[in-house]
Amino acid sequence: MRRVPRHPARQATMYTKLCYRIARTAMWLGVVGMIALVAAVTWQVIGRYVLNNTPTWAETLALLLVLYVTMLGTAVGVRDRGHIAFDSLLTMVPGPVRRMLEYLIHVLIFVFGALMAWNCAYLMESVWTYRLPTLGISEGWRYFPAAVAGVLIMMFSIEHIIALARGQEVESAWK
């Protein structure tokens, strides 16, 4: 039986579609997290000033939700190129140098994501047995979103490198 090799452009397209879906999902999870954050803070304010009985879990939950929303937004921001960039430097250099710098930028972002994922996973594992007293869950859940965001940043950097090699732009997840 003859095996037909897959075309590299098709694989890149499938990978791009996967990254797009992941970014959209992360974005919507961030929106849901933001709604939950507003609800937790609202309940904390109502408990403190209206009911005169501050819920002890609301502040810890709000801080945890801030981490999740921020890290998901960071990963999607890397994919959609919403991070800080020095575009003026890239426009001043000749085409071949610009292309090399663009590759370098995405490789450095990949390395940052890898270091973030690795170190946050290590921190998560090291404190997993400790509990957040007000929520009763593991302290490791504080480091989970940063570890996941690191993996997503790595994936999205690869997507940008593939798109750059193919002479394409990565489609924004925000549209």
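Since every read-out is calculated from the coordinates, none of them should be taken as a lab result. The structure displayed is predicted, hence computed values, not measured ones. No Cβ is skipped: glycine too gets one built from the backbone with ideal geometry, and neighbour counts run over all protein chains shown.
How high is the relative contact order of the chain, given as a whole-number percent (alpha carbon pairs under 8 Å, six or more residues apart)?
Taking the mean separation of contacting Cα pairs over the length of the chain, I get 27 percent.
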- [ ] Could you run the Karplus curve 6.51 cos²θ - 1.76 cosθ + 1.60 with θ = phi - 60° over the stretch 61-77 and give me ³J(HN,Hα) per residue in whole Hz, x for Gly and Pro?
- [x] 5, 4, 5, 5, 5, 4, 4, 5, 5, 5, 5, 5, x, 5, 4, 5, x
Task: trypsin sites (Lys or Arg not before Pro) within the stretch 39-112, DSSP loop, no more than 16 other Cβ atoms inside 10 Å - done: ARG81
Open item on the list: Run lengths n ≥ 4 of DSSP H only: what is the helix-derived mean residue ellipticity at 222 nm for the chain, with -39500 (n - 2.57) per run over all residues, to the nearest 500?
Closed with: -26000 deg cm²/dmol
Task: Near-label residues of the stretch 149-175 by backbone N, under 20 Å of a point 7 Å along Cα→Cβ of TYR20 - done: 152-175
TODO: Treating the Cα atoms of the stretch 32-119 as identical point scatterers in vacuum, please give the log10 of the normalised Debye intensity I(q)/I(0) at q = 0.14, 0.15, 0.17, 0.19 Å⁻¹, two decimals.
DONE: -0.68, -0.72, -0.80, -0.90
Open item on the list: From the P(r) of the stretch 82-154, could you give the percentage of C-alpha pairs in the tail past 18 Å?
Closed with: 55 percent
Open item on the list: Compute the angle between helix 8-49 and the longest alpha-carbon principal axis of the chain, please, reported from 0 to 90 degrees and rounded to the nearest 10.
Closed with: 20 degrees
Open item on the list: If you split all Cα-Cα distances of the chain into 10 Å bins from zero, what percentages do you get per bin, shortest first?
Closed with: 9, 28, 28, 19, 11, 4, 1, 0
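Taking a quarter of the surface of the Cα convex hull of the stretch 115-175, what do you get in nm²? Intermediate results must be reported in sequence, preceding the final value.
Details: hull surface 22.3 nm².
So the mean shadow area of the Cα hull is 5.6 nm².
How long is the gain from GLU125 to GLU59 if the chain were fully straight, where each residue apart is worth 0.36 nm and the alpha carbon distance is subtracted?
Details: separation 66, 0.36 × 66 = 23.76 nm, distance 2.36 nm.
Working it through step by step, the gained length comes to 21.4 nm.
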Task: Pairwise FRET efficiency - ARG48 versus TRP118, Cβ, R0 = 45 Å, nearest 0.05 - done: 0.70
Open item on the list: Where in the chain is the longest stretch that carries no chymotrypsin sites (Phe, Trp or Tyr not before Pro) classed as loop by DSSP and with at most 14 other Cβ atoms within 10 Å?
Closed with: 1-85
